[in-house]
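Everything below concerns the one structure shown next.
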Amino acid sequence: MKILVTATPYAGGEADQERILALFSAWKPPVEIQMWSGFIDGTGFFGILDTDDMDAVAAITATWSPLLSFTARPFVDIASFATAMAGGIEFRKSVG
């Protein structure tokens, strides 16, 4: 399962940024993070995971929860999403 995880720092200051960087330099994620990027506006960052291990995803967010607010959203490739949309359209048409 592909999951987009976004993280936003709580309203902290420079000390929180320093703590996040110190922790990050020592941290080993429990699953591979395929893409790990920051938003250029400085509001946070995101990672893309490919795992069925939801306990590992929970371990990621739990490790950082005092400093960061998270969202975790499963996603599919656009071809699969388009197929699902087409199925939804057909269902709605069939009901009238």
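Here is a yes/no grid of residues against (1) modelled with pLDDT under 95; (2) out of contact with any Leu (no Cβ under 6 Å at 6 or more places or on another chain); (3) among the β-branched types (Val, Ile, Thr):
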site: 37; (1), (2), (3): no, yes, no
site: 52; (1), (2), (3): no, yes, no
site: 66; (1), (2), (3): yes, yes, no
site: 73; (1), (2), (3): no, no, no
site: 78; (1), (2), (3): no, yes, yes
site: 82; (1), (2), (3): no, yes, no
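Which residues, taken from region 64-96, are without any contact (Cβ under 8 Å) to a residue 40 or more places away in the chain and either surrounded by 13 or more Cβ atoms within 10 Å (Cβ to Cβ) or of a type in the set (Gly, Ala, Ser) (or both)?
Hits for region 64-96 are 65, 79, 80, 82, 84, 86, 87, 88, 94, 96.
Name every residue in region 36-52 that is out of contact with any helix residue (DSSP H, G or I) (no Cβ under 7 Å at 6 or more places or on another chain), assigned to a strand (DSSP E or B) and not small (Gly, Ala, Ser), in order of residue number.
Scanning region 36-52 gives 36, 45, 46, 48, 50.
Go through region 53-88 residue by residue and tally those that are of a type in the set (Val, Ile, Thr), in contact with a strand residue (DSSP E or B) (Cβ under 8 Å, 6 or more places away or on another chain) and part of a helix (DSSP H, G or I).
From region 53-88, those of a type in the set (Val, Ile, Thr) are 57, 60-61, 63, 71, 76, 78, 83; that's our starting set.
Checking which are in contact with a strand residue (DSSP E or B) (Cβ under 8 Å, 6 or more places away or on another chain) leaves us with 57, 60-61, 71, 76.
Adding the requirement that they be part of a helix (DSSP H, G or I) leaves 57, 60-61.
Of the residues in region 53-88, 3 are of a type in the set (Val, Ile, Thr), in contact with a strand residue (DSSP E or B) (Cβ under 8 Å, 6 or more places away or on another chain) and part of a helix (DSSP H, G or I).
Identify all residues within region 37-57 that are surrounded by 13 or more Cβ atoms within 10 Å (Cβ to Cβ) and not hydroxyl-bearing (Ser, Thr, Tyr); write none if there are none.
Scanning region 37-57 gives 44, 45, 46, 47, 48, 49, 56, 57.
Which of the residues spanning region 24-36 are surrounded by 11 or more Cβ atoms within 10 Å (Cβ to Cβ), farther than 23 Å from residue 11 by Cα and among the hydrophobic types (A, V, I, L, M, F, W, C)?
31, 33
Please go through region 10-35 and give me each residue that is in a helix (DSSP H, G or I) and without any contact (Cβ under 8 Å) to a residue 40 or more places away in the chain, ordered by number. Lay out the reasoning, then the answer.
Our first condition is that a residue be in a helix (DSSP H, G or I); within region 10-35, this holds for 14-26.
Residues satisfying the conditions are 14, 15, 17, 18, 21, 22, 24, 25, 26.
Kindly indicate the residue of region 1-23 that is loosely packed, with under 14 Cβ neighbours inside 10 Å and among the hydrophobic types (A, V, I, L, M, F, W, C) and also modelled with the lowest pLDDT among those meeting that condition.
Checking each candidate, the answer is 11.
Taking interchain pairs and intrachain pairs at least six residues apart, which have beta carbon atoms under 6 angstrom, with the first residue in region 42-63 and of a type in the set (Asp, Glu) and the second loosely packed, with under 15 Cβ neighbours inside 10 Å and outside any strand (DSSP E or B)?
52/1
The values are calculated or read from the model by the stated rules, or taken from the named source; none is laboratory data. Here the structure is a predicted model, which is why all the values come from computation and not from measurement. Quick reminder, even Gly has a Cβ in these numbers, built from the backbone with ideal geometry, and neighbours come from all protein chains shown.
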